[in-house]
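The values are calculated or read from the model by the stated rules, or taken from the named source; none is laboratory data. This structure is a prediction, so every number in the text was calculated from the model and none was measured. With ideal geometry, Cβ positions are generated from the backbone for all residues, glycine too; neighbour counts draw on all protein chains shown.
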Amino acid sequence: MNPTAITVATTFAPFLAFAVALLFFMKRPVLAKAIVLLGGLVSVVGSLMLLAGGPREPVRFLWFASGDVALRFGFLYDGLSLSFGAVVAVITFCIQVYSIGYMAHDPAKTRFFAMLGLFGWAMLGFVYSVDLLQAFIFWELVGLASFFLIGFWYEKPSAAAAAKKAFIMTRVGDVGLFIGILIILNSVGIFDIPALLDPETGLRAALSPGMLTIVMLLIFVGIMGKSAQFPLHTWLPDAMEGPTPVSALLHSATMVAAGVYLFARLNPLFMASETTLLTVLYISTFTAILSSTVAMVERDIKKVLAYSSISQLGFMLMALAAGGFFAGVFHLITHALFKALLFLCAGSYIHHLETNDMEEIGRRGGRKMRWTTVGLVIGGGALAGIPPLAGFFSKEEIFAALSHRGILIFQAGAFAAAFLTAYYTFRMIFLILLPARTEEPAHAHGHGNDSPLPMLAPIMLLTLAAAGVGFGGGWLARLLDVEREHHAITSMLPAIGIVLAGVALAWWDFGRRAATRTGFITAVKPLHTLFTNKWYVDAFYANVVARLTDMLAGLLQTVENKGFDDSFDGAARGVVETGSFTAKLQSGWVQSYAAVAIAMMSILGIYLGLR
Amino acid sequence: MTLTAFLLAGLLLFTLGLTTVLSRRNQIAILVGIELMMSAASLNFLAFNRFVAPDPAVGQIVALVIIGLAAAEVSIFLSILMVVYRAHHGITVEEIRELKG
């Protein structure tokens with residue numbers, strides 16, 4: 001079959017499902033569900049067929065041309081888009097299946113499924129984009145879809161606020177990205193990604209190194225917003241207000257992954273700008289550590305996973321910025337799988353036991369939900385980097401990339417973040433698996449010991465993926481066409497050691513029978529306060545940024561009221577007063593008018609006569 | 001009789017008419033003043049025709065036109081005055097000052 005036709009079907013089937021569901025099946029949730037699932041299935045089949053076909057030449061269609069600037073839409077088929085597109089389609093479909101169970105009792109099912117379709121379309125369209133502007137359009141659509149889904153329960157004020165926050169904060173980044181794109185338009189006039197990447201004729205040849213750095217930094221600002229890097233990361237934990245399947249979707253293969261994907265897409269350009277790379281390294285390392293420390297002290301299982309997403313995104317960007325293209329992409333894919341799994345497990349607990357609190361989940365017998373718990377342990381192990389689960393292999397690649405780069409501070413940061421990751425992941429697992437005391441689940445939801453099959457099937461599938469996908473590294477490297485060096489077992493030992501140390505500490509704090517279950521960090525009061533308050537970033541925004549904005553708004557309001565309004569009012573009053581003053585000249589006495597007319601004509605006559 | 005004598009007579013007539021128009025309060029009197037000014041104009045035309053113009057007919061035609069014009073003007077003026085009288089119960093200019101600013 002024609003690959004173009006397959007790609008069109010893959011990307012647009014979810015959109016079609018979205019449109020049909022929303023237009024025709026608003027009152028028929030079963031049909032809406034069926035059509036969205038069908039769309040998701042078409043995407044899965046299509047993306048897998050494309051993947052099986054392997055890399056090939058991109059296709060482009062002219063959208064419109066204006067002068068020298070031609071805007072083309074099209075599809076890019078390289079290892080990156082093919083592999084990640086398949087991951088996106090599979091995870092989106094898994095989450096759609098999972099939502100059948102999770103959203104079974106929600107009255108607005110149709111809207112939910114339709115929005116999942118929209119999300120799938122936006123993300124797949126973004127992944128396969130051949131044109132930077134096309135990518136930007138889909139990038140914004142991803143943001144729009146996540147706005148709808150985070151604010152799905154819009155009647156809850158906190159959910160509405162979280163949706164707004166996500167939209168506005170990512171928009172801050174998008175402004176940077178858009179300015180970067182405009183500079184590219186202005187300087188080279190093309191948006192075609194392969195052409196921009198070309199070392200001879202692309203962006204590197206057209207721009208001076210300084211200008212290139214500016215452009216890449218601007219694009220990175222967009223990535224910071226989308227991929228939740230410090231200081232634009234605070235929207236992501238708040239996005240937990242959405243239904244759990246949404247969190248799973250948002251934090252694994254879509255939305256936050258879009259930023260990292262864009263970085264990987266433009267990797268050769270980033271590589272050309274040393275300043276940008278260093279900036280990215282500093283920001284991502286700091287983000288990874290900051291968010292890991294916050295995850296250490298959170299009690300809400302979804303918040304822990306949200307902060308771990310931020311830190312794993314930091315890892316990916318560290319790898320990419322250190323020159324480890326393969327490591328970053330590999331971690332992007334493995335993380336998408338195991339993070340989706342973890343969120344689905346969390347959703348299963350929340351759905352079944354009706355609490356977000358990890359200790360409460362443990363107390364209400366979370367470990368009795370057998371499949372969910374297996375998924376949580378495998379996913380958690382993968383996140384922590386326990387060999388031989390998926391996360392171990394990709395993190396190993398990241399450490400290797402960082403050691404190639406050879407800047408000690410980043411290596412140390414990565415190890416610290418990996419240690420903390422292992423610690424907070426196993427804190428979560430121990431809190432749920434080994435609760436201090438248990439009670440009978442008095443108000444367990446539904447029947448049986450575990451969630452219904454539509455929720456368990458995706459969990460099982462993703463459990464297998466999280467356990468096994470790490471061995472696909474060699475295959476992925478061939479697909480991406482990069483050299484992957486062989487790592488000796490000895491070089492892996494420090495990474496394994498640091499992870500095991502984290503697990504051991506978590507066991508000491510939360511696992512063993514005599515454990516205090518508070519965590520070692522409570523011993524250091526100031527740090528504990530700092531971490532529980534999320535490093536005061538939100539407080540900073542609320543108290544400083546918001547207040548400065550208010551002050552600026554007040555100032556501008558004064559300028560408007562006192563400056564513009566008053567001057568316009570004054571001008572109008574002046575006209576009125578001049579009018580009423582000159583109106584006094586009108587006596588209404590017809591003879592005075594005649595006298596004036598005659599006098600004027602006489603003067604005119606004399607003037608003309610004398611001339 | 002010279003041209004100057006006719007022109008002086010016309011000037012006198014015009015001045016009288018103008019003075020009437022500007023000074024009288026009764027609108028009928030104003031109408032009379034206007035008629036006087038028109039007569040002065042006719043007189044001027046005739047005088048110039050008699051002493052200056054080679055073609056004798058032109059000035060007389062204009063004078064006839066002015067007479068016709070004056071007749072039409074009088075009829076319109078008087079009909080307006082009828083309406084004004086009905087509305088204001090008077091025809092002096094003091095009474096009709098609704099356009100006073």
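Look through B:Leu8, B:Leu31 and report the one residue that is at pLDDT 90 or above and within 14 Å of another protein chain (Cβ to nearest Cβ).
Result: B:Leu31 is the single residue among B:Leu8, B:Leu31 that is at pLDDT 90 or above and within 14 Å of another protein chain (Cβ to nearest Cβ).
Quick check on A:Arg60: is it modelled with pLDDT of 85 or more and of a type in the set (D, E, K, R)?
yes
Can you tell me which residues in region A:9-25 are within 17 Å of A:Met123 (Cβ to Cβ) and surrounded by fewer than 24 Cβ atoms within 10 Å (Cβ to Cβ)?
Correct list: A:Ala9, A:Phe12, A:Phe15, A:Leu16, A:Ala19.
Return the only residue of B:Leu12, B:Leu99, B:Leu7 being in a helix (DSSP H, G or I) and surrounded by fewer than 16 Cβ atoms within 10 Å (Cβ to Cβ).
B:Leu12
Restricting to region A:388-400, name every residue that is of a type outside the set (Ser, Thr, Tyr), buried (at least 23 other Cβ atoms within 10 Å of the Cβ) and part of a helix (DSSP H, G or I).
Hits for region A:388-400 are A:Ala390, A:Gly391, A:Phe393, A:Lys395, A:Glu397, A:Ile398, A:Phe399.
Among the listed residues A:Thr4, A:Thr92, which satisfies the condition of being surrounded by fewer than 17 Cβ atoms within 10 Å (Cβ to Cβ) and of a type in the set (Ser, Thr, Tyr)?
A:Thr4 is the lone residue from the list that is surrounded by fewer than 17 Cβ atoms within 10 Å (Cβ to Cβ) and of a type in the set (Ser, Thr, Tyr).
Can we say B:Arg97 is among the charged types (D, E, K, R), more than 14 Å from chain A (Cβ to nearest Cβ) and out of contact with any strand residue (DSSP E or B) (no Cβ under 7 Å at 6 or more places or on another chain)?
no
Looking at region B:52-94 only, could you name the residues that are within 14 Å of chain A (Cβ to nearest Cβ) and in contact with a Gly (Cβ under 9 Å, 6 or more places away or on another chain)?
Selection gives B:Val84 alone.
Do you know which residues across region A:51-70 are assigned to a strand (DSSP E or B) and more than 19 Å from A:Asp481 (Cβ to Cβ)?
Scanning region A:51-70 gives A:Val59, A:Arg60, A:Phe61, A:Leu62, A:Trp63, A:Phe64, A:Ala65, A:Ser66, A:Val69, A:Ala70.
Condition first: touching a helix residue (DSSP H, G or I) at 6+ places or on another chain (Cβ under 6 Å), away from chain B (no Cβ under 14 Å) and either of a type outside the set (D, E, K, R) or surrounded by 11 or more Cβ atoms within 10 Å (Cβ to Cβ) (or both). Can you find one or more residues in region A:535-554 that meet it?
yes
For region A:168-269, list the helices (runs of 4 or more DSSP H) that sit wholly inside it and hold at least 1 residues that are among the aliphatic types (A, V, I, L, M) and within 28 Å of A:Gly74 (Cα to Cα); which are they?
Counting at least 1 such residues, we get A:193-197, A:203-206, A:209-226, A:244-251, A:256-265.
Answer yes or no as to whether A:Lys525 is within 14 Å of chain B (Cβ to nearest Cβ) and free of Cβ contacts under 8 Å to residues at least 60 places away in the same chain.
no
Which residue pairs have Cβ atoms under 8 Å apart, sit 6 or more places apart or on different chains, and have a first residue in region A:569-588 that is away from every other protein chain (no Cβ under 14 Å) and a second that is surrounded by 10 or more Cβ atoms within 10 Å (Cβ to Cβ)?
As it stands, the answer is none, since no pair meets every condition given.
Would you confirm whether or not region A:217-239 contains a residue that is acidic (Asp, Glu), surrounded by fewer than 24 Cβ atoms within 10 Å (Cβ to Cβ), more than 11 Å from the chain's Cα centre (by Cα) and farther than 25 Å from A:Leu383 by Cα?
Within region A:217-239 (the criterion being acidic (Asp, Glu), surrounded by fewer than 24 Cβ atoms within 10 Å (Cβ to Cβ), more than 11 Å from the chain's Cα centre (by Cα) and farther than 25 Å from A:Leu383 by Cα), the answer is no, since none of the residues qualifies.
Would you check if A:Ala160 is surrounded by fewer than 20 Cβ atoms within 10 Å (Cβ to Cβ), over 30 Å from A:Ala65 (Cβ atoms) and under 20 Å from the mean Cα position of the chain (by Cα)?
Taking the combined requirement at face value, the residue satisfies it.
Among the numbered criteria (1) away from every other protein chain (no Cβ under 14 Å); (2) in a helix (DSSP H, G or I); (3) in contact with a helix residue (DSSP H, G or I) (Cβ under 6 Å, 6 or more places away or on another chain), which one does A:Arg517 miss?
(2)
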